[in-house]
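The values are calculated or read from the model by the stated rules, or taken from the named source; none is laboratory data. Note that the structure is predicted; figures quoted are calculated from it, not measured. Cβ: placed from backbone, ideal geometry, glycine included. Neighbour counts: every protein chain shown. Just so you know, the surface numbers come from the protein's heavy atoms only, side chains and all, with ligands and any DNA or RNA stripped out. Shrake-Rupley method; radii C 1.70, N 1.55, O 1.52, S 1.80 Å.
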Amino acid sequence: MTNVSITLVSVLREPLPNLLRFITWHRRQGVSAFRFYFDDPADPAIAALVDVADVVCVPCTAAFWESLGLATDERFTKRQCAALTHGYRQVTEGWVAVCDGDEFFHVEVGGLAPVLSGVAPEVAAVRFEPAEVIQTDAADGMMRFRTPMPRKAIDRIYGAAGLLVRRNMGLVGHRQGKSITRARQEVGAIRQHWAQDAAGNMLPEVVLDRTAGAYLLHFFDRGYESWRAKLAWRIGSWGFASAIREHLAPLHLALQGGADEAAEDTLRAEYRALHHFDAAKIADLDKIGCLYQLPETEFSKIDPDLAGLLGA
């Protein structure tokens, strides 16, 4: 593998098994160091990872936020960007990848290093477009993802729900993807999706897509119960595009007063319309070139030196 230093910076809150799979995946993609910022400074993962040589854990205490000129009750996205920017500035060589705990940088052949080593010196950043996980009833051991779709195909894929996902090119989560930026650039801020200079302009970048065999695999949805648990946060923040937020908000409000079987059934149907693909929809997705597949086993691997932490 080409010798390229890659540090991954993330602000996260993930169950330890998920976090260990996240580390394992990115090590195998060529990441050599991790800087994790824990919004919960008492997260048990901090103690579990203390002796892992390639991981630095930063508990985001009130004192930490104060050192960045922020209070603990600032909106999360503002604190997130501040922490990502802090993390970027601690890295003095190579490249800095930024993503969330439910996102996986992926290059089909050779991992990240060959891609980054081939970038022209005047290019400051490389952005990976998203491939967003979908749910299916198939029991064939494959994980399936949708990639950004041509506008004219969205209604054919989604029917009436197409209006809700048109802005994000057929995705429910973000369509922008995430960037990997050269270290030691004149950066004003690291935003969720890319780096900016002091004037707020994006740094010079190239955008990779499936023709390069490169993806940001986004596990925006991990099943109905997980999606349902995050609904309030996503409606109240930038977790959903405005059309989806406005569509789901009345249902969410109806469920605040207690059990409402009809509202719950309707919400589940809305979830399926957005996230569940039957065989016919999968075939349609494949026809328009917006289906990506990988074996589920690729996402269950935990490196041997990390596996023991699960029993700690």
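Which sequence of Met202, Met143 reflects their accessible areas, 1.4 Å probe, from the largest down?
Values: Met202 80, Met143 40 Å².
Result of the area sort, largest leading: Met202, Met143.
If each DSSP helix of 4+ residues adds -39,500 (n - 2.57) and the sum is divided by the residues in the chain, what number results at 222 nm, nearest 500 deg cm²/dmol? Show your work: numbers first, answer last.
Working: 13 runs with 109 residues, N = 312.
Result for the chain: -9500 deg cm²/dmol, rounded to the nearest 500.
For the chain, which whole-number percentage of the solvent-accessible area (1.4 Å probe, protein heavy atoms only) is attributable to carbon and sulfur atoms? List each step's numbers first, then the result.
On the way: 7430 of 14270 Å².
Solvent-exposed carbon and sulfur of the chain make up 52 percent of the total.
Collect residues whose amide H, placed 1.01 Å from N in the peptide plane, falls under 5 Å from the amide H of Ile134; neighbours closer than 5 in sequence don't count.
Amide H to amide H, under 5 Å and 5 or more residues apart or across chains, Ile134 pairs with Arg144, Phe145, Arg146.
How far is the Cα center of segment 146-185 from the Cα center of segment 191-251, in Å?
Here the two parts' Cα centres lie 9 Å apart.
Hey, could you pull the Cα Rg and Dmax for the chain, both in Å?
Every Cα atom of the chain included, Rg and Dmax give 19.7, 58 Å.
Dipole size in debye (nearest 20) for segment 1-61 around its Cα centre, Lys and Arg Cβ +1, Asp and Glu Cβ -1? Walk me through the intermediate numbers first.
Values: 5 positive and 6 negative charges, 55 e Å.
For segment 1-61, the charge dipole is close to 260 debye.
Taking +1 at the Cβ of each Lys and Arg and -1 at the Cβ of each Asp and Glu, which of Leu208, His86, Gly236 sits farthest along the dipole of the chain towards its positive end, judged by Cα position relative to the Cα centre?
Working it through, the farthest residue towards the positive pole turns out to be Leu208.
Report, by chain and number, residues whose modeled amide H sits under 5 Å from the one on Lys178, excluding near sequence neighbours (fewer than 5 apart, same chain).
Phe128
Which residues does the label zone of Ser226 cover in segment 11-27, counting backbone N under 18 Å from a point 7 Å along Cα→Cβ?
11-26
Explain nothing, just compute: Karplus ³J(HN,Hα) = 6.51 cos²θ - 1.76 cosθ + 1.60, θ = phi - 60°, for every residue of segment 12-21 in order, whole Hz, x for Gly and Pro.
8, 8, 10, x, 3, x, 4, 5, 5, 5
Taking amide H positions as placed 1.01 Å from N in the peptide plane, with prolines and chain starts having none, which residues 5 or more places from Val58, or on another chain, fall under 5 Å of its amide H?
Hits under the 5 Å cutoff: Phe36, Tyr37, Phe38.
What's the extension gain from Val109 to Ala307 if we count 0.36 nm per residue and subtract their Cα-Cα distance?
Numbers: separation 198, 0.36 × 198 = 71.28 nm, distance 2.57 nm.
Gain in length upon complete extension: 68.7 nm.
Can you tell me what share of the DSSP beta bridges in segment 1-158 is antiparallel? A percent to the nearest 5 is fine.
Details: 3 of 18 bridges.
If I count the DSSP bridges inside segment 1-158, around 15 percent turn out antiparallel.
Using the alpha-carbon centroid of each, what span in Å lies between segment 280-296 and segment 27-54?
33
For the chain, what is the percent of antiparallel DSSP beta bridges, rounded to the nearest 5?
On the way: 23 of 46 bridges.
In the chain, DSSP labels about 50 percent of beta bridges as antiparallel.
Which longest uninterrupted range of the chain lacks any GluC sites (Glu not before Pro) assigned by DSSP to a loop state (not H, G, I, E or B) and surrounded by at most 15 other Cβ atoms within 10 Å? Provide the component values of the computation, followed by the final result.
Numbers: sites that count: Glu74, Glu93, Glu108, Glu122, Glu186.
The longest uninterrupted stretch comes out as 187-312.
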